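Participant: This is the structure I want to talk about, given as structure tokens.
Since every read-out is calculated from the coordinates, none of them should be taken as a lab result. Model, not experiment: these values are computed from the prediction. Ideal geometry is used to build each Cβ from the backbone, glycine not excepted, and the neighbour counts take in all protein chains shown.
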């Protein structure tokens, strides 16, 4: 009975949103509480109001003293064209927005700037993060930060990931440390962190010893929960007081529709939520994570993810087993980001892990243009040799047993 009372019925939740209308959604704001950043609609009137909707729970961001919603709006999309999600998210306390220098060719940050240009007072009630995409030197990090500040019409960024997609601990240099300290003194950033998509365990194991890194953002999902090295590194970061953010929480791979997908969908629909909501809940049940960062392209995805964050129903052992069995059955379609294994097995053919990710963007995320642009950034001399390379040494060492040769050939066909 208690579980039924605590559970947020997704259908009723979405029906309520539809009944109130988007006009109501965009008109309200949440009043500022204590000293924390809080939710406010960029177009809301100056008068403070009580929130109209239940707010997403908050968690501590490591030792920073900041509390953030456990659901973060992932901004890897054209936010100039998708203002509706930005204007609606704060209604449920989703005031934590994540973007990057290279997202949507810059239009992610420009979209946030468009919101703030209409109402600068909204800035103090948002928690905004960005990343120094592609930067390898302190000078490049500085250039990207200045560009991001200008695009977003803001004087500061709450949390800045000065090393984006870090795959090598050697990138965490004293030069980067000195830059982070300088940026804080100049009040351009409030907190500093790094993000990692590849070789996560090695990067996090190095980051936990560096006190100047306050936050780590890492790929983590139901597929990686059995990775002992990754979990040990996350434990170390958590005990060291780092704020830990989870990305790629849906664990999407190469396959789109399989019998395993149908089975998983049926299991969780019987429980009252979608498989995507279950995947988010699986990570949120882990107290080590401050927040999960999820891309939300429309109001439907926003409200579905909010419902998952609000729902107090705990996943059962049966639910966990369903996710584990699905992960095992579909592991040959998911790249776990262990690029160090690929590179050591076939050093003359780098970018294998990147190619797997780009193909996933194309097939599972439907981001065809972005996948092609990223693939085109691979050096021509590497791309030209892909179809003539023997990938059997990599396939023999791949923990996920990916058919790398055929997937690379598919990527060349679809993305070249």
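Participant: Within region 374-396, which residues are part of a helix (DSSP H, G or I), without any contact (Cβ under 8 Å) to a residue 12 or more places away in the chain and closer than 16 Å to residue 407 by Cα?
Facilitator: Hits for region 374-396 are 388, 395.
Yes/no per residue for (1) out of contact with any helix residue (DSSP H, G or I) (no Cβ under 9 Å at 6 or more places or on another chain); (2) under 21 Å from residue 182 (Cβ atoms):
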site	(1), (2)
88	no, no
95	no, no
105	no, no
135	no, yes
154	no, yes
158	yes, yes
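Participant: Next up: Listed residues 259, 286; which is more than 15 Å from the chain's Cα centre (by Cα) and within 30 Å of residue 211 (Cβ to Cβ)?
Facilitator: It is 286.
Participant: So which residues in region 162-201 are more than 18 Å from residue 142 (Cβ to Cβ) and either more than 19 Å from the chain's Cα centre (by Cα) or surrounded by fewer than 16 Cβ atoms within 10 Å (Cβ to Cβ) (or both), if there are any at all?
Facilitator: 168, 169, 170
Participant: Moving to a separate point now. Considering only region 372-389, state which residues are touching a helix residue (DSSP H, G or I) at 6+ places or on another chain (Cβ under 8 Å) and farther than 16 Å from residue 361 by Cα.
Facilitator: Within region 372-389, 383, 386, 387, 389 meet the criteria.
Participant: Moving on to the next point. How about region 152-161: which of its residues are surrounded by fewer than 22 Cβ atoms within 10 Å (Cβ to Cβ) and in contact with a strand residue (DSSP E or B) (Cβ under 9 Å, 6 or more places away or on another chain)?
Facilitator: 154, 156, 158
Participant: Can we say residue 273 is out of contact with any strand residue (DSSP E or B) (no Cβ under 9 Å at 6 or more places or on another chain), surrounded by 19 or more Cβ atoms within 10 Å (Cβ to Cβ) and part of a helix (DSSP H, G or I)?
Facilitator: Against the criterion (out of contact with any strand residue (DSSP E or B) (no Cβ under 9 Å at 6 or more places or on another chain), surrounded by 19 or more Cβ atoms within 10 Å (Cβ to Cβ) and part of a helix (DSSP H, G or I)), residue 273 does not qualify.
Participant: Give the number of residues within region 225-250 that are in contact with a strand residue (DSSP E or B) (Cβ under 9 Å, 6 or more places away or on another chain) and either part of a loop (DSSP other than H, G, I, E, B) or on the phi > 0 side of the Ramachandran plot (or both).
Facilitator: Residues that pass the stated criteria total 4.
Participant: A further question on this structure: Can you name every residue in region 174-218 that is farther than 14 Å from residue 161 by Cβ and in a strand (DSSP E or B)?
Facilitator: Correct list: empty.
Participant: Hey, does region 161-169 have a residue that's assigned to a strand (DSSP E or B), more than 14 Å from residue 98 (Cα to Cα) and in contact with a helix residue (DSSP H, G or I) (Cβ under 9 Å, 6 or more places away or on another chain)?
Facilitator: Yes.
Participant: How many of the residues in region 220-249 are touching a helix residue (DSSP H, G or I) at 6+ places or on another chain (Cβ under 8 Å) and surrounded by fewer than 20 Cβ atoms within 10 Å (Cβ to Cβ)?
Facilitator: Selection size over region 220-249: 6.
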